[in-house]
Structure formats: C-alpha cells, structure tokens
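Visitor: Provided herewith is a single structure, encoded as structure tokens, for subsequent inquiry.
The values are calculated or read from the model by the stated rules, or taken from the named source; none is laboratory data. Just so it is clear, the structure is predicted and the values come from calculations on it, not from any experiment. All Cβ positions, glycine included, derive from the backbone under ideal geometry; neighbour counts span all protein chains shown. For accessibility, only protein heavy atoms count, side chains too; no ligands or nucleic acids. Shrake-Rupley method; radii C 1.70, N 1.55, O 1.52, S 1.80 Å.
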Amino acid sequence: VISVGELAAQRQRLAEQVSQLPENVGDAVVSAFQGVGMPAIYPAHDRVVTDERGAIWLREDIGPQRGEREARRWTVLDPDGRWLGFVTTPARFQVQQITRDRMIGVWRDGNDVEHLQVYRLDR
C-alpha cells in the first residue's frame, strides 16, 4: 500500500520537475495529469533477474523512498517457477549479477560513494 506521505512526496517531486520546464511545456504536462488518479498500491515486483542456473529472482516493490532506506526482499523461483525461498539484500545495494554461489553488486554509502560488494549464497 502506498502511504499518504509517499503520495505527497511524489506529487511534490513532480511539481518541482514541472516548475523547471518552459511554461508552455509545463502547462501541457499539468493538463495531461489532471484527472489522472494515483495508484493505491505498488506492483508486486519492480525487478527481475535470472542467475546462471536459470533461477528467477523477483525483487518486491516497496516504492522509491523506502527502496533507498530499507533492505529489499527477493523471491527466488527455480526455472520451472517453483518457489525456492526468500533472500534479503541490504539497503542501498544494487544487484548486478547472481552466480551459482555469489551475489555481486554495488552498495552506496551515506555519501553516495559506490562500493563493490560480493555476498556468498548458501543453496
């Protein structure tokens, strides 16, 4: 479920972006969005990755604000779609590759400096 606070933040970001556009373009964007409802829930997943064994990794969608602050949960399915389990990745960690026994990615610290991270997978 998308919270009222998250919806307000999304509206504020959109208003800030529109304010930077030339007036006629900004007016057209505002006009296009009038009468358009806001979603009440996020999609179930926002990213899909396959590993080298063909397993399917689905990252649960928790929205852009929470996605920057919170750990992310992945649902892992075998190549035939059977559930294998859940894996949680740290906040601010972006998965780049999943091998047979490793998850490789980039973690950003509080200063947005990127660090290569490798995590061992126990299957």
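Visitor: Can Val29 be described as farther than 22 Å from Arg73 by Cα and either in a helix (DSSP H, G or I) or open to solvent by less than 70 Å² (accessible area, probe 1.4 Å) (or both)?
Guide: Here the answer is yes, as Val29 does meet what is asked.
Visitor: Can you list residue pairs whose Cβ atoms sit under 7 Å apart, with the first residue in region 43-62 being on the phi > 0 side of the Ramachandran plot and the second being assigned to a loop (DSSP other than H, G, I, E, B)? Count only pairs 6 or more apart in sequence or on different chains.
Guide: Close Cβ pairs satisfying both conditions: Gly54/Pro79.
Visitor: Could you list all residues from region 102-123 that are of a type in the set (Val, Ile, Thr) and open to solvent by 60 Å² or more (accessible area, probe 1.4 Å)?
Guide: Scanning region 102-123 gives Val113, Val118.
Visitor: Same structure again: Does Glu52 satisfy being assigned to a loop (DSSP other than H, G, I, E, B), among the acidic types (Asp, Glu) and either open to solvent by less than 50 Å² (accessible area, probe 1.4 Å) or at pLDDT 90 or above (or both)?
Guide: Numbers: assigned to a loop (DSSP other than H, G, I, E, B): yes; among the acidic types (Asp, Glu): yes; either open to solvent by less than 50 Å² (accessible area, probe 1.4 Å) or at pLDDT 90 or above (or both): yes.
Yes; evaluated as a whole, the condition is true for this residue.
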